[in-house]
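Asks: Sharing a structure below in structure tokens format, with a few things to ask.
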Amino acid sequence: MTTRLLLSQTLAPNTEVRVDGPECHYLVRVRRHVVGDAICLRDAQGVFFNGTVTRIEKDAAHIRVDAEMTAPPAVGHVHLLVAVPKGTLFDEVVRRLTEIGVQRLTPLHCERSVLRPGQGREQRWRRISEEATRQCGRSHPMQVDPFTPFATALATLPEATRWTLHPQGDSAVAVARQTGPLVGPLQGLVGPEGGFTPHELDLADAHGFRRIHMGPHVLRVETATVVAAALFVSFLGGMD
């Protein structure tokens, strides 16, 4: 796997960039690169470049910026709003959604939610998205919103196709076929371990969310979220 560095500056071919901090640690200590090795660079604009390690110092590395690369194709905008499950399960949800191509994730506090994550957990989720971005090669990390109350999140959403995951909903695949070609944005609600309350379901309905299911079985929060992400990205043409 080609090593990718995520840089905060704008790059241009035939220049040299100095890399320090976590990216240098990843390059030298984790991936153990040496002078002459070829790597991939992603700059602040999401543009990818080939690069070559030219010099390694104690706390920094110098890399020559070579030709611009063809960026991976973008998919339609998918925004998932997910009730945070207990424990650390949401860490893996963030990682998988970043890899699949979800653009935005809103961690929700619902009436039946158990976990109330603090700011430290939110920062960890953003860091996980950055790491997954480096691994999978997408141009920008997934946007991870602050932990948000259910009603507040619904009240501030932009216009989109809206679906609520619910065991008694319509088939997601059937709904997508009936709707015809989807271009996004597409928003999806995933409830907590005990499900959405009747009040929350009514509120979602009032905001234009249609209830859908993804099969005959009741899925755990983390499973339902990853399956929904894959389906939604596929519906928007991201997995042709």
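Asks: When Thr106, Thr179, Thr3 are ordered from fewest to most other Cβ atoms inside 10 Å of their Cβ, what list results? Display every interim value, and only then the final one.
Replies: On the way: Thr106 22, Thr179 11, Thr3 18.
In increasing order of surrounding Cβ atoms, one gets Thr179, Thr3, Thr106.
Asks: If I model a spin label at Val183 and Met1 as a point 7 Å from the Cα along the Cα→Cβ vector, what separation in nanometres do I get?
Replies: Calculated label separation equals 3.5 nm.
Asks: Oh, and also: Within segment 7-26, what residues put their amide N at less than 18 Å from the label point 7 Å along the Cα-to-Cβ vector of Ala44?
Replies: Residues passing the 18 Å test: 7-13, 15-24.
Asks: For each of Lys86, Lys58, count neighbouring Cβ atoms within 10 Å of the residue's Cβ, then give the residues from fewest to most.
Replies: Numbers: Lys86 12, Lys58 6.
Sorted ascending by nearby Cβ count, the order is Lys58, Lys86.
Asks: Within the set of other residues whose C-beta is less than 13 Å from the C-beta of Thr164, count the net charge using Lys and Arg as +1 and Asp and Glu as -1. Show your work: numbers first, answer last.
Replies: Numbers: positive: Arg162, Arg210, Arg211; negative: Asp170, Glu200, Asp202, Asp205.
Local net charge: -1.
Asks: Okay, moving on. Using only Cα atoms, tell me the angle between helix 89-100 and the longest principal axis of the chain; keep it within 0 to 90° and round to the nearest 10.
Replies: Value to nearest ten degrees: 70.
Asks: Relative contact order of segment 68-214, please, whole-number percent, based on alpha carbon pairs below 8 angstrom and at least 6 residues apart. Write out the running numbers ahead of the final one.
Replies: Numbers: 235 pairs, mean separation 47.5, N = 147.
Reported relative contact order: 32 percent.
Asks: Which percent, nearest 5, of DSSP beta bridges in the chain are antiparallel?
Replies: On the way: 17 of 43 bridges.
Within the chain, antiparallel bridges account for around 40 percent of the total.
Asks: Here's something else I'd like to know. When Asp205, Asp37 are ordered from fewest to most other Cβ atoms inside 10 Å of their Cβ, what list results? Show your work: numbers first, answer last.
Replies: Details: Asp205 13, Asp37 16.
With the fewest neighbours first, Asp205, Asp37 line up as Asp205, Asp37.
Asks: While we're looking at this one, here's another question. For segment 72-112, compute Rg over Rh where Rg is the Cα radius of gyration and Rh is the Kirkwood radius from the inverse mean 1/r over Cα pairs. Write down the numbers at each step before the final one.
Replies: On the way: Rg = 11.6 Å, Rh = 11.2 Å.
Taking Rg over the Kirkwood Rh, I get 1.03.
Asks: Cα gyration tensor of the chain, axes a ≥ b ≥ c as square roots of the eigenvalues: rounded (a/c below 1.5), prolate (a/b > b/c) or oblate?
Replies: Details: a/c = 2.79, a/b = 1.97, b/c = 1.42.
Because a/c hits 1.5 or more and a/b exceeds b/c, the chain counts as prolate.
Asks: Please report how far the C-alpha centroid of segment 55-69 lies from that of segment 183-239, rounded to the nearest whole angstrom.
Replies: Rounded to whole Å, the Cα centres lie 43 Å apart.
Asks: While we're looking at this one, here's another question. Going by alpha carbons, how many degrees (0 to 90, nearest 10) lie between the helix axis of 221-235 and the longest principal axis of the chain?
Replies: The two axes meet at around 80 degrees.
Asks: Next up: What is segment 176-230 by shape, rounded, prolate or oblate, if you read a ≥ b ≥ c off the alpha carbon gyration tensor as root eigenvalues and call it rounded for a/c under 1.5, prolate for a/b larger than b/c, and oblate otherwise? Mind dumping the intermediate values first?
Replies: Details: a/c = 1.94, a/b = 1.18, b/c = 1.64.
Here segment 176-230 falls in the oblate category.
Asks: Where does helix 119-136 land angle-wise versus the long Cα axis of the chain, in degrees 0 to 90, nearest 10?
Replies: Once rounded, one gets 60 degrees.
Rule-based calculations on the coordinates, nothing more; no lab input. Keep in mind the model is a prediction, meaning the values are calculated, not measured. Here Cβ is always computed from backbone atoms with ideal geometry, including for glycine, and neighbour counts include all displayed protein chains.
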